[in-house]
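The values are calculated or read from the model by the stated rules, or taken from the named source; none is laboratory data. On a predicted model such as this, the values are computed, not experimentally measured, just so you know. Every residue, glycine as well, gets a Cβ built from its backbone with ideal geometry; the counts of neighbours run over all protein chains shown. These area figures cover heavy atoms from the full protein model, side chains too; ligands, DNA and RNA do not enter into them. Shrake-Rupley method; radii C 1.70, N 1.55, O 1.52, S 1.80 Å.
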Amino acid sequence: MKIAVIGATGGTGKKVIERALEAGHDVIAVARRPEAVKGADRVVIRRGDVYDAASMVDALSGAEAVISCIGPPSSIAAGPAAKQGLLDNLRAGMQVMAANFSPGTVMSEGMSNVVAACQRTGVSRLVMQSGINLTDGKELSWGNRLAVGTMRRIFWRAIRDKAIAERSVMGSGLEWVIVRASVLQFAEGTLDYTAGPSARIAPLQALAFADCADCLVRAAASEPTWVRTIVNVGRR
């Protein structure tokens with residue numbers, strides 16, 4: 001399968017490319033800065049800006065499935081900072097907090113353009129990475145419902161922007177899958193995670209980007225029962 005990955009330079013996007021290649025797929029890596037994408041066999045690199053509808057049509061041409069990894073950062077540490085000590089980790093955490101307090105419209109505007117580009121280019125399967133804070137919490141434990149409710153109140157702007165994006169995807173008529181991930185971290189993937197519609201996960205127990213990426217590739221290529229469902233992914 002030829003899979004287009006939007007947000008190819010982000011923490012999840014990089015791992016999605018790696019996992020898709022490992023699974024035998026061809027990849028179209030889509031990024032605003034294509035020069036920042038690492039080249040590899042079976043990877044075509046294209047420029048695409050989710051705010052620019054025309055560029056998304058060009059970027060997704062020839063794809064059979066699309067995985068969107070766009071959005072404000074959601075990791076608990078930045079790559080190099082994870083090895084540099086407390087101050088760097090705190091600085092990275094503050095950057096994540098700031099991005100989620102003022103997320104802009106990258107999800108709401110961006111996903112609308114991605115949906116339109118999929119429809120114009122004939123892509124049928126669209127997988128959107130979202131966040132577990134979009135859940136109403138019914139499938140979670142009492143304590144985790146409380147944690148999600150608190151995060152929803154704190155990051156209400158990011159929640160609102162992602163909610164608009166999710167509605168755009170769900171109303172698209174495509175074979176969509178929305179993957180709501182727990183908090184993510186730069187760590188070695190273990191494939192020891194829980195995923196599925198209404199899966200009971202721990203929202204604040206960090207999941208490796210690589211494991212989230214594995215779930216996204218599964219949603220695009222090998223989980224037909226996930227089509228037109230919202231999938232939770234995380235640790236128990």
Taking H as built 1.01 Å from N, whose amide H comes closer than 5 Å to the amide H of MET128, not counting residues under 5 places away?
SER68, VAL177, ILE178, VAL179
Taking the Cα centre of the chain as the origin, how large is its charge dipole in debye, to the nearest 20, when only Lys and Arg (+1) and Asp and Glu (-1) carry charge on their Cβ atoms?
540
Helix 209-221 sits off the longest principal axis of the Cα atoms of the chain, rounded to the nearest 10 on a 0 to 90 degree scale, by 40
Can you spot the lysines whose alpha carbon is less than 18 Å from LYS2's alpha carbon? Ignore those fewer than 8 places along the same chain.
LYS14, LYS15, LYS38
If the chain between ARG200 and ARG167 were fully stretched, how many nm would it gain, using 0.36 nm times the residue separation less the Cα-Cα distance?
9.6 nm
For segment 8-71, with every protein chain kept in place, what is the accessible area per residue (1.4 Å probe, Å²)?
47
Spin-label model distance (nm) - ALA36 vs ARG228, 7 Å beyond Cα toward Cβ
3.7
Can you send over the solvent-accessible area of GLU109, 1.4 Å probe, protein chains only, in Å² to the nearest 10?
90
The chain: mean projected area of Cα convex hull, nm²:
11.7
Treating only the Cβ atoms of Lys and Arg (+1) and Asp and Glu (-1) as charged, compute the dipole magnitude of segment 114-207 about its Cα centre; round to the nearest 20 debye.
400
Can you tell me what percent of all Cα-Cα pairs in segment 1-55 are more than 19 Å apart?
18
Distribution output for segment 159-229: share of Cα-Cα pairs per 5 Å bin in percent, first bin at 0, values 3, 15, 23, 24, 21, 10, 3, 0
Give the angle, between 0 and 90 degrees and rounded to the nearest 10, that separates the Cα long axis of helix 106-121 from the longest principal axis of the Cα atoms of the chain.
30
